[in-house]
Amino acid sequence: MHLEDCRIIELPKIEDSRGNLTFVESFNHIPFEIKRVYYLYDVPSGVERGGHGHKELEQLMVAISGSFDVSVNDGQNTRIFQLNRPFFGLYIPKSMWRHLHNFSSGAVCLNLASDFYKESDYYRDFTEYQKIRKSLV
């Protein structure tokens with residue numbers, strides 16, 4: 001996978017006088033089956049989340065409320081995405097390193113993942129990750 005594979009996906013937005021609705025369907029809006037859903041909230045000012053990569057897991061991140069930045073790295077280059085709308089999600093394919101930062105007050109980050117939690121799927125050391133990515137190119 002390449003850094004260019006990370007992209008913003010516009011999700012359906014149904015507008016109504018009673019409020020808006022957005023939904024996500026596996027293999028329709030995102031290129032994977034959703035097997036796990038989790039969310040980050042009450043992140044203190046100045047704190048970063050993430051700081052890891054996944055060997056096989058694919059992910060969609062959505063700012064359900066507030067805003068935050070996601071820095072994605074392929075082992076050599078970094079691209080920063082700002083998420084601040086609940087109908088835009090950031091697709092992160094496998095083998096990408098990510099950092100989440102600049103959380104606004106009240107921000108909620110919804111994560112849709114292609115697999116169940118598996119510690120063995122994580123890259124936790126960036127230097128090691130860079131070596132592995134370099135050997136794959």
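The values are calculated or read from the model by the stated rules, or taken from the named source; none is laboratory data. Please read all numbers here as calculations on a predicted model, not as lab measurements. Note that we place each Cβ from the backbone using ideal geometry, even for glycine, and neighbour counts take in every protein chain shown. Note: accessible area is taken over every heavy atom of the protein model, side chains too, but ligands, DNA and RNA are not part of it. Shrake-Rupley method; radii C 1.70, N 1.55, O 1.52, S 1.80 Å.
Between Phe103, Phe81, Phe88, which is touching a Gly at 6+ places or on another chain (Cβ under 9 Å), among the aromatic types (Phe, Trp, Tyr) and either touching a residue at least 60 places away in the same chain (Cβ under 8 Å) or open to solvent by less than 20 Å² (accessible area, probe 1.4 Å) (or both)?
That would be Phe103, the only listed residue that is touching a Gly at 6+ places or on another chain (Cβ under 9 Å), among the aromatic types (Phe, Trp, Tyr) and either touching a residue at least 60 places away in the same chain (Cβ under 8 Å) or open to solvent by less than 20 Å² (accessible area, probe 1.4 Å) (or both).
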Which of (1) free of Cβ contacts under 8 Å to residues at least 40 places away in the same chain; (2) in contact with a helix residue (DSSP H, G or I) (Cβ under 7 Å, 6 or more places away or on another chain) is the odd one out, the single condition Lys131 does not satisfy? (2)
Could you check how many residues of the stretch 115-131 are assigned to a loop (DSSP other than H, G, I, E, B), buried (at least 17 other Cβ atoms within 10 Å of the Cβ) and among the hydroxyl-bearing types (Ser, Thr, Tyr)? 0
In the stretch 1-28, how many residues are open to solvent by 90 Å² or more (accessible area, probe 1.4 Å) and either part of a loop (DSSP other than H, G, I, E, B) or among the aromatic types (Phe, Trp, Tyr) (or both)? 8
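Quick check: is even one residue across the stretch 60-73 among the acidic types (Asp, Glu) and farther than 22 Å from Glu4 by Cα? Don't jump to the end; show me each part of the working.
First pass over the stretch 60-73, keeping only residues among the acidic types (Asp, Glu): 69.
Now restrict to residues that are farther than 22 Å from Glu4 by Cα: none.
Looking through the stretch 60-73, none of the residues is among the acidic types (Asp, Glu) and farther than 22 Å from Glu4 by Cα.
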Taking interchain pairs and intrachain pairs at least six residues apart, which have beta carbon atoms under 7 angstrom, with the first residue in the stretch 11-37 and over 17 Å from Ile64 (Cβ atoms) and in contact (Cβ under 8 Å) with a residue 24 or more places away in the chain and the second outside any loop (DSSP other than H, G, I, E, B) and among the polar types (S, T, N, Q)? Phe32/Ser26; Glu33/Ser26
Of (1) in contact with a strand residue (DSSP E or B) (Cβ under 6 Å, 6 or more places away or on another chain); (2) open to solvent by less than 40 Å² (accessible area, probe 1.4 Å); (3) over 24 Å from Glu128 (Cβ atoms), Met96 satisfies all except one. Which? (3)
If you go through Asp125, Asp115, the only one that is more than 18 Å from the chain's Cα centre (by Cα) and either modelled with pLDDT of 95 or more or within 14 Å of Leu60 (Cβ to Cβ) (or both) is Asp125
Give the residue, chosen from Phe88, Phe68, that is of a type outside the set (Ser, Thr, Tyr) and touching a Ser or Thr at 6+ places or on another chain (Cβ under 9 Å). Phe68
All but one of (1) surrounded by fewer than 16 Cβ atoms within 10 Å (Cβ to Cβ); (2) touching a residue at least 40 places away in the same chain (Cβ under 8 Å); (3) within 25 Å of Leu136 (Cβ to Cβ) hold for Tyr41; which doesn't? (3)
Among the residues of the stretch 56-73, is there at least one that is open to solvent by 80 Å² or more (accessible area, probe 1.4 Å) and without any contact (Cβ under 8 Å) to a residue 24 or more places away in the chain? no
